[in-house]
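A short worksheet on the structure shown next.
The values are calculated or read from the model by the stated rules, or taken from the named source; none is laboratory data. Owing to the predicted nature of the structure, the values given are computational and were not obtained by experimental measurement. So basically every Cβ, Gly included, is an ideal-geometry build from the backbone, and we count neighbours across all protein chains shown. Note: areas computed on protein heavy atoms with side chains; ligands, DNA, RNA excluded. Shrake-Rupley method; radii C 1.70, N 1.55, O 1.52, S 1.80 Å.
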Amino acid sequence: MNAAWAMESLLALSQQEELEDLPKDYPLSPSEDEGDVEERKHQKLLEAIHSLDGKNRWKLAERSEASLKVSEFNVTSEGSGEKLVLSDLLRPVKTSSSLAAVKKQLNRVKSKKTVELPLNKEEVEQIHREVAFNKTSQALSKWDPIVLKNRQGEQLIFPLKKEQSAFAPIEHVLSGWKARTPLEQEIFNLLHKNKQPVTDPLLTPVDKASLKAMSLEEAKMRRAELQRARALQSYYEARARREKKIKSKKYHTVLKKGKAKKALKEFEKLQKDNPTAALEELEKIEKARMMERMSLKHQNSGKWAKSKTIMAKYDLEARQAMQEQLARNKELTQKLQVASESEEEEGGVEEEGELLVPESMNEIQMNADGPNPWMLRNHSTSTKESEIQDPVQLPEPVVHKTSESEEEDRPEAEEEILLNEFEERQSLRKKSGPNQDTEPVGRQEPKDSSSQEVLSELRVLSQKLNKENQSGKQKLSSARTVRAVQRKDPTEEEEEPLLLQRPERAQTVKELEELGKEGSFQNKEVPRSVLERQKLERSTNNEPGAPKEKKKKEQMIDVQNLLTTKSPSVKSLAVPTTIEKLEDEEERDQKQMIKEAFAGDDVIRDFLKEKREAVEASKPKDVDLTLPGWGEWGGVGLKPSAKKRRWFLIKTPEGPPRKDKNLPNVIINEKRNVHPAAHQVRVLPYPFTYHQQFERTIQTPIGSTWNTQRAFQKLITRKVVTKPGHIIKPIKAEDVCYRSSSRSDLSVVQRNLKQLSIHHKKQRKKTLD
Amino acid sequence: MKVKMLSRNPDNYVRETKLDLQIVPRNYDPTLHPFEVPREYVRALNATKLERVFAKPFLASLDGHRDGVNCLAKHPKSLATVLSGACDGEVRIWNLTKRKCIRTIQAHEGFVRGICTRFCGTSFFTVGDDKTVKQWKMDGPGYGEEEEPLHTILGKTVYTGIDHHWKEAVFATCGQQVDIWDEQRTSPVCSMTWGLDSISSVKFNPIETFLLGSCASDRNIVLYDMRQATPLKKVILDMRTNTICWNPMEAFIFTAANEDYNLYTFDMRALDTPVMVHMDHVSAVLDVDYSPTGKEFVSASFDKSIRIFPLDKSRSREVYHTKRMQHVICVKWTSDSKYIMCGSDEMNIRLWKANASEKLGVLTSREKAANDYNQKLKEKFQHHPQIKRIARHRHLPKSIYSQIQEQRIMKEARRRKEVNRLKHSKPGSVSIVSEKKKHVVAVVK
């Protein structure tokens, strides 16, 4: 039906259009003929078809009556019953874009509802306030860390900002100051002349100029050099000062000797190189000798020498000193300069003679080829120094010597090594042992309190060594100059016995070590064993009586006994009820079972034991005032007699009966003192969570009696420190490194006010509109 | 022969100067110094007793006013200078070292309601009942000159308080509203209101200087932001707040002196619960001022006493009173944190020590060390009953003492009633409100 209706309307349309078209097309030229008409018709048809499905199909008005107004475009508002929509008017020109925008605008206008009323003043203000408050509180929260720090900090020192006193540079001070007195003027003149800088006296202008002229690296190097030079200078100064201060005569004699030797060497060198100069030197020496001869030095006329001559009768040392003196005199006054060296050596030997050291020690020096500085120093410095000297240093020169010396010397060197090792060990042991005296006889041998035998062994060893070296030594002492020639012989002679004896000697050294160890071991062991024995004795003495009794007692209070027998102490316990029930066999079995189940923990017995101990502890004890050894023989193993003990034993009277005497299930502690309770803290104070914490704080003392001064100072620091007479200003953002807002508050106020007023005006306008 | 002698380094036993202490070598072996705790306890006890013995806080009374002292102000640059305004319109400037009045001005007719100094210390401002704000020079007039204010601003309403900005030439007055003035102008730069009641005091925040706090007689405390020219928040308490004071070390903390005998310390970011309620007074608290260290504050009360509270304690550590001191209207803590001044009804300004037993004057280092040690000992043993008892003991006038007892009874009764109510009502229907929350009625945004 629909289709039929559509067809009808189509037809009608086509007819109508034909009718309509006629007047329209009229003005058109007839040349535009049927083809064109047909096309148009076709289009019309298409349009009609299009309009079929669309909602906005034209309802074409039918003229039912005559009307004066006939629309030109066949558009009438009457009869359609629809509202005219604005956008419909524009439909034919759909394609143009500029109009589409207008349409959009129109749509938007249409979609907007009525404008709302502005918020009332209170609400606006509230919003303002809230925003402002949030802003402010955010701004304030930047202070949180500082506030927290200040609250928790160990110490707060006010005023926070320290006013630093401005230091005026010295130039400013000096420029304002004039030299008045002549002395000052003179000094100023001097300073100005030398261009001495006032502030930095280390670098003169010349230095500065040179520094400027140099590159950076050069300058650095130069400065480093200067620094080094300065350091060296100061070092030498210090050393010279130190050396000057040394009072030891020995040191100075050695120093003199060294100097003399050096001079001699130089002299010899000079002799070779420049004989004329050497002659002059010789003259000088001769002159010195003459002076010496003229003077009465080193004669027997001095005060010291006289005293020594008196002493020489009795004292070997004094005699030796005398001889030494004389030898020195001879040496100084002798005309020959060739033999002086050996003479000196002899003197040295004699010196050493007075120190009754095992000869082997001296041998080390004697055997040395050249003057060994280490050994020399060893001899010259006092015993104290030698003790302090590091034992590690010793082997080095020895090794050095062995490498220098010829093969023949090796055995001797080996002996020395052995000896040195021994010394090392000794010194090590000495270090380890705290209480050890140095033996008056030996310089370097410490006397081990435990090892007398070791020393004796050492002596034996040294004697042996002496014997071996004696032949060599004799020749050495006779003359040095011949030594190189003679050297072979003693070594040849020595070699056989050395080879024979070497293992033995090694053994001895080992033995020595072992001995030492054993000695120490024995020392340790002996007391222990003694102690043990003593203990044993004691136990045998004391135990047999007492523990047996104890055992007896324990047996008495054994649970089995408790359950079976009626012991007097248990009578009033709760146990007797069980005893009564014992008649019943089943219950007995049950008991047995329970007993088996709780075999391990016996509560009753434990409690009883505890109580007994408490009672024992609270009983007043007898005082024994016996002093062993008074009025009778005393000593190890002796005991004061029984009578005496009885005499001096003070028996304390029995105290009042215990409160829990008749209460078998209770232990009442009678020791507790009620008086201190008034001074004790009852409740755990606030910041503490455990009583241990609190107790710990109380138990750590603060006072300087228990703490070092520094710790004390630290412990008593005050939380807030203020300076008297100083104004404390409120904390500032600048003080704590915050940047405060640069704009002033007032300018902001004024600006904001303007904005606000503008805002208000606008609002008012709007509301008025 | 070598003579061996003992040789010691003289540095170890020779004093540098005659005044130095002898060096005494000590052995710190604890076995040689037994009984640490009992000995220190005794020392602490003695220190506490001595502290009480030497507690003489009253220093001086400055008399000269012919009416009650209504307001006090500190000089920002000079510790010795104090300004005071009285109820007869007279302003006096005092020298504390001489304890004398150095200048007298008849500033207003009627009360001098508020007085404040400029941050530079060259001039000061007063407001009075005659609706004027006057600026005065700190130095007195020359010979032959008349005592005249630098500026006079005639207002429309009575001003009840004044405070000066801490950095700029701006001051704030309060009355019907809070006005912010530029010193150069005769009309306020901006005026802020919230509610219609009269505002009794206004204070600038000393750290974040754009913040202001005020308290009005309709029981509220209002905070303002000067830069944004708006109030920020308002908290309403049980009763009227008389004054507030900002903490000079903690920007967001202020303390309010309330009519209900308590002081409330607030964090301005969270006004719904005070950080601490300080209660010990037995009458309205009229004024409060912080110590410049920000650790303590002092409060003046209508009960004729002043009390010192630690910031984090709800009970006071000290109470000062004299027989002749009447209702204390204003109180100030001096800028060196050593002294307290209070002005009271009976026309006197009193000077107190902030630490009652502190020795005045220069201390030797040994005295200082001894003081510090004693202080630490007292702190260490503060929980021990005897020491606590002695340290807490104060003599109080009979009126205050009896009132305290009365208050205690009342409080206990209230608490008991609350507990009973809780006990006899359906679980969950009644809840116990904490002391802190009890006094805050509302927070208005």
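For the range B:37-75, the residues whose amide N sits under 20 Å from a probe point set 7 Å from the Cα of B:Ser217 along the beta carbon direction are B:68-71. Placing dummy labels 7 Å off each Cα toward the beta-carbon, the span from B:Asp29 to B:Lys445 is 7.4 nm. For the residues of A:673-684, the average number of beta carbons from a partner chain within 10 Å of their own beta carbon is 2. Given their separation in residues at 0.36 nm each and the Cα-Cα distance between them, A:Ser618 and A:Arg108 gain 173.1 nm when the chain is fully extended.
To the nearest 0.05, what FRET efficiency results for A:Thr181 and A:Ala213 with a Förster distance of 45 Å applied to their C-beta separation?
Working: r = 39 Å, r/R0 = 0.86.
Computed FRET efficiency for A:Thr181 and A:Ala213: 0.70.
Globularity index of the range B:287-445 is 1.33 (Cα radius of gyration / 2.2 N^0.38 Å, N = number of residues).
Pop the C-beta distance of A:Gln692 and B:Val14 into the FRET formula with R0 = 51 Å and round what comes out to the nearest 0.05. Show your work: numbers first, answer last.
Values: r = 47 Å, r/R0 = 0.91.
Calculated transfer efficiency: 0.65.
The angle between the Cα long axis of helix B:365-380 and the main principal axis of chain B comes to about 80°, on a 0 to 90 degree scale.
The share of accessible area on chain B that comes from carbon and sulfur is 53 percent, using a 1.4 angstrom probe. Ordering B:Met5, B:Met192, B:Met410 by accessible surface, largest first, gives B:Met5, B:Met410, B:Met192; the 1.4 Å probe counts only protein heavy atoms, with every chain in place. For the pair the range B:428-445 / the range B:312-331, the C-alpha centres are spaced 28 Å from each other.
Across peptide B:229-237, the mean count of Cβ atoms from other chains lying within 10 Å of each residue's own Cβ comes to 5.
Using the Cβ-Cβ distance between A:Lys591 and B:Thr364 with R0 set to 56 Å, the FRET efficiency from 1/(1 + (r/R0)^6) comes to roughly 0.10. Taking only the alpha carbons of chain B, we obtain Rg and Dmax values of 26.5, 108 Å in that order. Projecting the Cα atoms of B:Val91, B:Thr17, B:Phe111 onto the charge dipole of chain B (Cβ charges, centred on the Cα centre) puts B:Thr17 farthest toward the positive pole. Computed on protein heavy atoms with a 1.4 Å probe, what is the summed buried accessible area for the chain pair B and A, in Å² to the nearest 100? Accessible area lost upon association: around 6000 Å². 3J(HN,Hα) along the range B:163-173, derived from phi through the Karplus expression 6.51 cos²θ - 1.76 cosθ + 1.60 where θ = phi - 60°, amounts to 8, 9, 4, 7, 10, 10, 7, 10, 9, 10, 10 Hz, with x in place of Gly and Pro. Take each peptide in A:114-125, B:73-84, count the other Cβ atoms within 10 Å of every residue, and average; sorted highest first, the result is B:73-84, A:114-125.
Under the definition of partner shielding as Cβ atoms of other protein chains within 10 Å of a residue Cβ, what is the mean value for peptide B:249-255? Could the numbers behind the result be given before it?
Numbers: counts 11, 10, 11, 8, 3, 0, 0.
For peptide B:249-255, the averaged partner shielding equals 6.
Based on the mean of other beta carbon atoms within 10 Å per residue, what is the order of B:166-176, B:389-399, most packed first? Don't skip to the end; give the middle numbers.
Working: B:166-176: 21.2, B:389-399: 12.5.
Final packing ranking: B:166-176, B:389-399.
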